[in-house]
1. Add +1 for every Lys or Arg and -1 for every Asp or Glu among the other residues with Cβ under 14 Å from the Cβ of residue D:101, and state the total.
2. What ratio of Cα Rg to 2.2 N^0.38 Å holds for the range A:98-230?
3. How large are Rg and Dmax for the protein assembly as shown when only the alpha carbon atoms are used, in Å?
4. What residue among A:94, A:325, A:258 has the largest mean-square fluctuation in a Gaussian network model of chain A, using Cα springs under 10 Å?
5. What does the charge count around residue B:268 come to, taking other residues whose C-beta lies under 12 Å from its C-beta (Lys +1, Arg +1, Asp -1, Glu -1)?
6. Which distance in nm do the two modelled labels at residue C:136 and residue D:203 give, with both placed 7 Å along the Cα-to-Cβ direction?
7. May I ask for the net charge around residue A:70, where only other residues with Cβ less than 14 Å from the Cβ of residue A:70 are counted and Lys, Arg are +1 while Asp, Glu are -1?
8. Based on the Cβ-Cβ distance from residue A:252 to residue A:186, what FRET efficiency comes out when R0 is 56 Å, to the nearest 0.05?
Protein chains: 4
Amino acid sequence: MLKVAVVGASGYTGVELIRLLHAHPEAAVTCVTSEQSAGKRLSDVFPSARSRCDMLLENLEPVRVAEKADLIFTALPHKAAMEVVPTFLSLGKQVVDLSADYRLHDADVYGKWYEPHMNPELLPRAVYGLPEIRREEIAAADLVANPGCYPTSIILALAPLLKRGVIDPSSIIADSKSGVSGAGRSAKVDNLYCEVNDGFKAYGVGGVHRHIPEIEQELTLLAGRGVTVTFTPHLVPMNRGILSTIYCHPTSTLTPEQLLDMYNDDYDGEAFVRVLPKGVFPSTAFVRGSNFCDIGVTIDPRSGRIVIVSAIDNLVKGASGQAVQNMNILAGLPENMGLELIPIYP
Amino acid sequence: MLKVAVVGASGYTGVELIRLLHAHPEAAVTCVTSEQSAGKRLSDVFPSARSRCDMLLENLEPVRVAEKADLIFTALPHKAAMEVVPTFLSLGKQVVDLSADYRLHDADVYGKWYEPHMNPELLPRAVYGLPEIRREEIAAADLVANPGCYPTSIILALAPLLKRGVIDPSSIIADSKSGVSGAGRSAKVDNLYCEVNDGFKAYGVGGVHRHIPEIEQELTLLAGRGVTVTFTPHLVPMNRGILSTIYCHPTSTLTPEQLLDMYNDDYDGEAFVRVLPKGVFPSTAFVRGSNFCDIGVTIDPRSGRIVIVSAIDNLVKGASGQAVQNMNILAGLPENMGLELIPIYP
Amino acid sequence: MLKVAVVGASGYTGVELIRLLHAHPEAAVTCVTSEQSAGKRLSDVFPSARSRCDMLLENLEPVRVAEKADLIFTALPHKAAMEVVPTFLSLGKQVVDLSADYRLHDADVYGKWYEPHMNPELLPRAVYGLPEIRREEIAAADLVANPGCYPTSIILALAPLLKRGVIDPSSIIADSKSGVSGAGRSAKVDNLYCEVNDGFKAYGVGGVHRHIPEIEQELTLLAGRGVTVTFTPHLVPMNRGILSTIYCHPTSTLTPEQLLDMYNDDYDGEAFVRVLPKGVFPSTAFVRGSNFCDIGVTIDPRSGRIVIVSAIDNLVKGASGQAVQNMNILAGLPENMGLELIPIYP
Amino acid sequence: MLKVAVVGASGYTGVELIRLLHAHPEAAVTCVTSEQSAGKRLSDVFPSARSRCDMLLENLEPVRVAEKADLIFTALPHKAAMEVVPTFLSLGKQVVDLSADYRLHDADVYGKWYEPHMNPELLPRAVYGLPEIRREEIAAADLVANPGCYPTSIILALAPLLKRGVIDPSSIIADSKSGVSGAGRSAKVDNLYCEVNDGFKAYGVGGVHRHIPEIEQELTLLAGRGVTVTFTPHLVPMNRGILSTIYCHPTSTLTPEQLLDMYNDDYDGEAFVRVLPKGVFPSTAFVRGSNFCDIGVTIDPRSGRIVIVSAIDNLVKGASGQAVQNMNILAGLPENMGLELIPIYP
């Protein structure tokens, strides 16, 4: 039984980790922390967990946490993660970090989009934890930077095309739509029910969202040359889910069938990527609560553009589910262990 | 491995059975039927299930179904169930029927609220499948009438009081609120998104809802004397969940603590009933996707009335989860097997 | 043209006043205040109002406000209202106060449910502003205490029965359900989108909600003897609307037709109360954005109880619309002026 | 007083016309028709209208309708409109047609996307009713083809750029998101509450939506040369609203300020187009129930692309509000008469 700690358990990704790990046959949660709710039970903060996980939330004392667990999930805001991850590593622990702190390889880029990095020397040691792309590297790592939700939906959607060099890397536009849980559980007027319900808006328009450097880093690595994207996130009145609609130009004429062949070739053996049949496109409703990434692809014959639509649950494949998938890889367990749930519908 | 069939798999309770059984370690779904979607795959009708359950939906031929399964879930509309259940029984199969057809002990009452019963001789054989009340009878049965969603939320909320005779049985009012999945998946203008979203209404006002005879039958059995209830259902703009707010008069003065003691005494060993601490009341959000029934109870000191609030997921404890719980009992498996999921939140 | 001020314009009732007054042919908003957003434009705080109402939000300086307006709406939290209303009155202004501060006739009751009253001498001067009940008194007043949202839905639903003495005043149970805008626009985790969406809960269970003394005061006056109610509020995942389901016992046998006759007799001339035909019950969706109160009533023949269902838009008939209705009465304008909008559907 | 008929009043655009016309000081609805609900009152079909519009819905007999009205709104499905519009015109009536039947100038294009046109000779007579673009032509017409909802949001967003020739017309991508009322009020499983709620999906992916020829026709006219767009519609779990996020390449370097100047120059005198300040982007929530089109625009400095975001209420500026605006123009009334409502928020 793998002993795991969830550091930062009072947020939505924290409780989602608890939910998924509770259903995992080989992992036991031995420690949960929360700065703001220390001393309460997890089930006081999330009554959904009552009688399933009534553990006490502790203050985050890294050494104590490390004593209790073999593997540590850090579900903290950026900056807070890099304050504690070095300690966990120095004590020989494996870390799956759900923050942005170790996703970027270049500390300068991190500094530009976030703030000065506190331990840039760890960046080369961190592996970007998208298993469908870097399974082997993850298996060999002790620090996995769990991808962002938007990036996951975009990178998986573009990888088959970029790897094959069949699209113009300067033509990529990602128009993404997210449920509200992506904004976290902190009290802000903008995220009140009445502000969000029955409305729809764009935000971070014009290339300012912090997921952009992460997206471009990974697409650039896949393409083997520089990729710049236009990325616009939107807020959907729903709890969970991200759907990305992605546009790009092929470098030569392609049919929908040829495109689907590329996706099927790449993803056929993957437990969590479902390439949809021709003419079928995903809905976030069909991945709700699951670790799936559903992808549909076609050509717009009138403009010649490729249109790819991908859908994930932002809290699962976009965060905690992918983190458990990475845990499985790190621990040498079957990658899909504990994650084979059918999405909850409706 | 227990072989089970889901008859009527193209409705919401059908696909919820598939979801729960997929996560069950000792049950294998060997047959799924649907009159309206026969020939399609389950995952064509519910894309959520793609790659997890791609079985072909068959026409409902009872003998063929019985050949494939040891236990059969009938997730059919009322009347359709009693057309096939006798065949399953005659072939020695165990049946958990999710329709209303075998819930009422009295064929005349059934005839009054529904239509003439086609096999009233089976009614004495059927056990009302509320495990917290009739666990032993269920274990000995071959026909379990899975309770309705509203009745489950109301009977579990009142049982501790009625068994003890501490309330006036003529004083019961159940004001219940349901998510929209209770209305099923058929195309009706009333259930269109725009008709339901951002609104709230009562329906079946004035004692006309078909769950009333079922509620009164079970409450009468618990009380040992006739119980008549005032029951008003309402429609909430949400997918899943039932919350019942129940009012009644104590026959003598009681404190909230005394009330809670009664509930805790009855439900402490129950895997799926969570009695909430004093001053805490349930939300459907905290049982979403789970087999829990959460109950809070207090006294209104100003009027002297008892107020009980209970919450379930109508598709789980109110239908398919309870059906799996009954299956576990019938099959001699641990009652909570496959059902210990943490509710999905948010 | 009547010059009016909206004091506390940065909340939901404030902007709803602005919306309704903008459509009013005889009222002009001359001053808007907000403590937290002073210096911003109203349309910065509520972009919906852009180009329709771009007035600057001012700090609340009562004398300055009074210089600009003939009638003042105080849309403030309780306590904040009673700090400024005396000044407005002393300067000869008419006040429609949307807070709870002047609704209760008895300062001791106010003190028990809220806090010590700062100007109890004004309580006899204030009129409870439910026009269907106290039209003449309102017309003669200079201080109107605009009713609470829950009380409006409950008092209008019970008035015809209590006035006629045909129900047992100790038998009243009001099970009410409200949209989320009733909770205001302040940042609280409980009101975040993800906490509310797709869930339903009771709150204030057991006779603790502050609207209870207001409900009982008015019902007692209508009945001519003491009325105690059991009241349970609930939170519905929708922006606007309150639906109250009310149960009581008739003192003698009544038919649904007799009940409807009472309601029609009382409300036939009323512009904003719609008594629904036999067998029809209201939905909040059908009053959205309007000043209507829809009421349906019947007898549950099995229990003999009367069941009344009423629906309002909590921000209109439950707050700002009723305030404008009161303004019309105070100003000697036709009572329905500016309020005859058809509800917005869907 | 202008006498108007609403043909096809039992759909969502029909009842929205009734709502808006009820608030219009110079228009009186004299006739409402509905094939499926003839003989019922409008308020039976839409209880929101009770006591405001209780007119009887009539069968559609064009000559009788024409006898009662000066101007006729045809809120019918495509094909049904072109069966009756010629009669109205031949009887000298003005027609505002909300269907697609007269939007396309080329009968062959209509035939390709819809079906053979029944009266192509009327196409040159019809004016595409986007007042901000064709105000003078509308004023001189007797047949106004009211624009589609998606096209309205896209054309208004692109007109300032295309008129000035500052973008590459082959670079346009419109990623649009619509509320569910756009799908109408017919009973379909896909539009059931549970199928839509808490989910998000694309549909009509790959250049197949019927609004495409309409969008391209108008953009081509604005640009003075052929425009082909990539257009992807999506379904948002909300009742009302369309938000379009539009991407295109400038033909030379432009700053956000230069872009905003173009939009402000074009739209400053417009009553219903609100150009938002730099860095501010629209939400459908802020135009709900109103005839506004809100537009925000910027440059993505990283990719050099222009990003335009526009928001309308699909039932108002996207249908019935624009139809009333056209009615005002046809009737020589002030264009904003009856349409100056502040959006309803929240």
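Values quoted throughout were computed directly from the atomic coordinates according to the rules given, and no laboratory measurement underlies them. Just so it is clear, the model here is predicted, and its values are computed rather than measured. Counting neighbours? That spans all protein chains shown, and the Cβs are built from the backbone with ideal geometry, glycine included.
1. Here the charged neighbours net out to -2.
2. With N residues counted in the range A:98-230, Rg over 2.2 N^0.38 Å equals 1.14.
3. 31.4, 89
4. Result: A:258 has the largest fluctuation of those listed.
5. Value of the local net charge: -4.
6. Taking the simple label geometry, residue C:136 and residue D:203 are separated by 5.8 nm.
7. Neighbour charge sum, excluding residue A:70 itself: 0.
8. E between residue A:252 and residue A:186, to the nearest 0.05, is 0.70.
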